[in-house]
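Here the structure is laid out as structure tokens; the discussion comes afterwards.
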Amino acid sequence: MEEERRRKKRKRTRLPAAEATSAVHNLSDDLLELVLLGLDSPLCLIRAAATCKRWRHVVADADGAFLRRFRSVHPPRAIGTYYNTSDEPFSYGRSHLPPSDPVFVPSSTTVETDGNGPGGGLQLTLDFVPCAGEPRDLVDGRGSLLLLFKEKEGTAKRFSCDCLDHHGYYISPDLVVCEPLTRRYQAIPPPDHGVFILGAFLLDVDDADEAAIAMTNFRVLLVLYEHDYDNHNRHGYPSASVFNTCGSSNPGWCHGEQHYDGVYLPRLDEVHLAGRTGGRVYWSCDDKQVVVMDEHTLEFSNMALTDT
């Protein structure tokens, strides 16, 4: 009799465990997404997607929204950073000290996980990029790509305005996009005419459903200073020109609409790149305004600065 009571007690203690193992199937899709977003790595996510049809359906939803969210909360680990060794700001053809080759510095995690001594044994030099004279300036980086700039050899420098007498020229840019990990590069043909550059940037592709930025999938943005000879109150205005490698058998430059909607600039030596964040680029101007460009729409706006 005593033995029978023990067996019944053991059976009763197993019931809660059986219910707990089936509880995961009672989660709503929204809660299941939160659980899957908490996985540590893409490899764990692949294993989870192979568990059952429902989990695979959540991970591989039709519009790719889950994978975009997963990438946003699990950004790729940076293996290092490139630095310009000169303290001079990017000049884009204006008078400055001679450029020097960018230097790669591995991240601390790369050094710790690589047993090849100081520097982590990872030497991502840019010696595979054709030199073409003097070194290139590193002007931007996005994902695994770098954007390098130098003035094209043989540029016919011409003055367009007295504000250029000591601060630069309209030039023909020599741009190269490269990927140090694969040692690939692509030379970007210059625009059809000389330009004065306020900034050069790498952009993701237009379509959010496209793959991440890569050597076969990128855009180059030039923000240009355009002189306005008909306006005596302001000196110029900004415009945007984009080189697109995606969705075209003949990639090339597409010049955006010129903006006369109240966004005017002072003399070009009074316009300074302030930074880039949140899909916007900012310039500070000596006439107490901040000019903002939206990377998605390529539209410009401005904000007045007060003395307080």
* Asked: What is the residue count in region 38-88 for residues that are modelled with pLDDT under 80 and over 25 Å from the mean Cα position of the chain (by Cα)?
  -> 1
* Asked: Tyr82 fails exactly one of the following numbered conditions: (1) assigned to a helix (DSSP H, G or I); (2) touching a strand residue (DSSP E or B) at 6+ places or on another chain (Cβ under 8 Å). What is the number of that condition?
  -> (1)
* Asked: Is there any pair linking a residue in region 295-308 that is closer than 21 Å to Phe218 by Cβ and in contact (Cβ under 8 Å) with a residue 12 or more places away in the chain to one that is hydrophobic (A, V, I, L, M, F, W, C) and surrounded by 10 or more Cβ atoms within 10 Å (Cβ to Cβ), with Cβ under 7 Å and at least six apart or on different chains, and which?
  -> Glu295/Leu203; Glu295/Val281; Leu298/Ala240
* Structure fact -> Checked Glu270, Glu295 against criteria (at pLDDT 85 or above, over 25 Å from the mean Cα position of the chain (by Cα) and not assigned by TED's automatic domain parsing to the domain that holds Asp63); the one match is Glu270
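Out of Val290, Val281, Val263, I need the residue that is assigned by TED's automatic domain parsing to the domain that holds Ser239, of a type outside the set (S, T, N, Q) and in a loop (DSSP other than H, G, I, E, B). Which one? Write out each step before concluding.
Working: Val290 fails: in a loop (DSSP other than H, G, I, E, B); Val281 fails: in a loop (DSSP other than H, G, I, E, B).
Matching residue, one of Val290, Val281, Val263: Val263.
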* Asked: Can you tell me which residues in region 259-287 are farther than 25 Å from Leu202 by Cα and surrounded by 17 or more Cβ atoms within 10 Å (Cβ to Cβ)?
  -> Arg267
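Answer yes or no as to whether Val105 is at pLDDT 70 or above, more than 25 Å from Leu224 (Cα to Cα) and either out of contact with any Phe, Trp or Tyr (no Cβ under 6 Å at 6 or more places or on another chain) or not hydroxyl-bearing (Ser, Thr, Tyr) (or both). If you could, list the steps in order and put the result at the bottom.
On the way: at pLDDT 70 or above: yes; more than 25 Å from Leu224 (Cα to Cα): yes; either out of contact with any Phe, Trp or Tyr (no Cβ under 6 Å at 6 or more places or on another chain) or not hydroxyl-bearing (Ser, Thr, Tyr) (or both): yes.
Yes, satisfied.
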* Breaking point among (1) farther than 23 Å from Tyr82 by Cα; (2) at pLDDT 75 or above; (3) out of contact with any Pro (no Cβ under 8 Å at 6 or more places or on another chain), for Ser172 -> (3)
* Candidates Arg142, Arg183, Arg158 - the one that is surrounded by fewer than 16 Cβ atoms within 10 Å (Cβ to Cβ) and at pLDDT 80 or above -> Arg183
* For region 288-308, name all the residues that are surrounded by 14 or more Cβ atoms within 10 Å (Cβ to Cβ) and within 17 Å of Gly236 (Cα to Cα). => Gln289, Val290, Val291, Val292, Met293, Glu299, Phe300, Ser301, Asn302
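The values are calculated or read from the model by the stated rules, or taken from the named source; none is laboratory data. Note that the structure is a prediction, hence the values are computed from the model and not measured. FYI the Cβ positions are ideal-geometry reconstructions off the backbone, even for glycines, and counts take in every protein chain you see.
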